[in-house]
């Protein structure tokens, strides 16, 4: 858990990040959270996990293999989801946050967990 | 001077049969009324560049000047399959439709052409003329007009909608309606089978899932959805009427490039939806 908490902390320290959640799959329950106030982290865990799992199934069915990252840009924020061992890491950011930085950090976190 | 330039172009085309100077040569010969020569060079240009919309357009113009409307129409239709927004092909097909009094067809082609070139006063005037003719008593009612570009060409044009964007790389793009059914684009797998419907069905549902999630999270409307997988990068973007544009590229394609292709694909999709 310490390693997971360190990972969440590192992601949460990135500019523009409002919340980081480690969610279990397939149920989408929050296993650990680092978040600003005002973020419904349970809803974040549940819905982000659902979208990620749907994406993973769609990519697999399409022959694209395992999904390594999902990113959704929306009017009021950006959502990033990546698998990390037994959980998925969910990062919620402001709409203006640089996606590249979060993407690389999530990929690194994902690889560390897999190692 | 003109003769010198023509000779210089001919010399270049003879030296390098693949030179695109052939297109300028064909046009110059056609304008001089040397139609048989223009036709021969246009055919040579097509042999070298069978997938170049401009080469089909060049031959179409010559055949139209020779009075062979059927072949001109075929060549312009082919140009549109290669590039659904090819301005001169749209203009040419609009002209042919008008000639045979297919005013509804002419209006559709010219309207698409004007979308592609909104500041073209000549096109705007032609479109006004056609619309005026349509409103006049005795004009063939739209319901009786022959189906616009013979359904097979329409289907082919929609399949090739994104072809100019994708190049020869391992990429595909689809326009899906709100139910995940394919509106335009094609997706051929390694065996040559068109799997667009299947891919569309799998990936089209993602947009709905994302929409629901964002609504519950109060994040507003979605703009881009990007999924990186082992063998592909897939990006989705919303289009009018609940439709979705999807671009997929081999995993080694730069993510930023795939996103850029989505922007271009959405522009094409929106122009095409407005014109259909």
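The values are calculated or read from the model by the stated rules, or taken from the named source; none is laboratory data. Everything quoted here is computed from the prediction, not taken from an experiment. Neighbour counts run over all protein chains shown; Cβ positions are idealised from the backbone, glycine included.
Structure data summary
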quantity: Which listed residue, of A:50, A:45, is at the interface with another protein chain (Cβ under 10 Å from one of its Cβ atoms) and more than 14 Å from residue B:219 (Cβ to Cβ); calculated: A:50
quantity: Matching option when the condition is at pLDDT 90 or above, more than 22 Å from the chain's Cα centre (by Cα) and either within 13 Å of chain A (Cβ to nearest Cβ) or part of a loop (DSSP other than H, G, I, E, B) (or both), among B:228, B:209, B:215; calculated: B:228
quantity: Within region A:1-19, tally of residues that are part of a loop (DSSP other than H, G, I, E, B) and at pLDDT 90 or above; calculated: 4
quantity: Test: residue in region A:13-36 that is buried (at least 17 other Cβ atoms within 10 Å of the Cβ) and farther than 24 Å from residue A:76 by Cα; calculated: no
quantity: All positions within region A:6-17 that are under 23 Å from residue A:96 (Cα atoms) and over 12 Å from the mean Cα position of the chain (by Cα); calculated: A:9, A:10, A:13, A:14, A:15, A:16
quantity: Criterion violated by residue B:173 - all others in (1) closer than 22 Å to residue A:61 by Cα; (2) in contact with a helix residue (DSSP H, G or I) (Cβ under 9 Å, 6 or more places away or on another chain); (3) surrounded by 16 or more Cβ atoms within 10 Å (Cβ to Cβ); (4) modelled with pLDDT under 90 satisfied; calculated: (4)
quantity: Scan of region B:204-250 for residues that are at positive phi and touching a strand residue (DSSP E or B) at 6+ places or on another chain (Cβ under 6 Å), ordered by number; calculated: B:220
quantity: Residue check for residue B:256: surrounded by fewer than 18 Cβ atoms within 10 Å (Cβ to Cβ), at the interface with chain A (Cβ under 10 Å from one of its Cβ atoms) and in contact with a strand residue (DSSP E or B) (Cβ under 9 Å, 6 or more places away or on another chain); calculated: no
quantity: Residue match in region A:11-26 (condition: touching a helix residue (DSSP H, G or I) at 6+ places or on another chain (Cβ under 7 Å) and closer than 17 Å to residue B:223 by Cβ); calculated: no
quantity: Residues (in a strand (DSSP E or B), more than 9 Å from chain B (Cβ to nearest Cβ) and touching a residue at least 60 places away in the same chain (Cβ under 8 Å)) located in region A:53-101; calculated: A:84, A:87, A:88, A:89, A:90, A:91, A:93
quantity: Single condition residue A:22 does not satisfy, out of (1) in a strand (DSSP E or B); (2) within 12 Å of the chain's Cα centre (by Cα); (3) without any contact (Cβ under 8 Å) to a residue 60 or more places away in the chain; calculated: (3)
quantity: Test: residue in region A:58-76 that is more than 30 Å from residue B:189 (Cβ to Cβ) and buried (at least 17 other Cβ atoms within 10 Å of the Cβ); calculated: yes
quantity: Wholly within region B:1-99, helices (runs of 4 or more DSSP H) carrying at least 3 residues that are surrounded by 23 or more Cβ atoms within 10 Å (Cβ to Cβ); calculated: B:21-31, B:35-48, B:53-65, B:69-82, B:87-99
quantity: Among (1) within 26 Å of residue B:264 (Cα to Cα); (2) at pLDDT below 90 - the single one residue B:89 does not satisfy; calculated: (2)
quantity: Residue B:223 vs. criteria under 25 Å from residue A:75 (Cα atoms), surrounded by fewer than 18 Cβ atoms within 10 Å (Cβ to Cβ), within 12 Å of chain A (Cβ to nearest Cβ) and modelled with pLDDT of 90 or more; calculated: yes
quantity: Every residue from region B:177-193 that is within 14 Å of chain A (Cβ to nearest Cβ) and more than 17 Å from the chain's Cα centre (by Cα); calculated: B:180, B:188, B:189, B:190, B:191, B:193
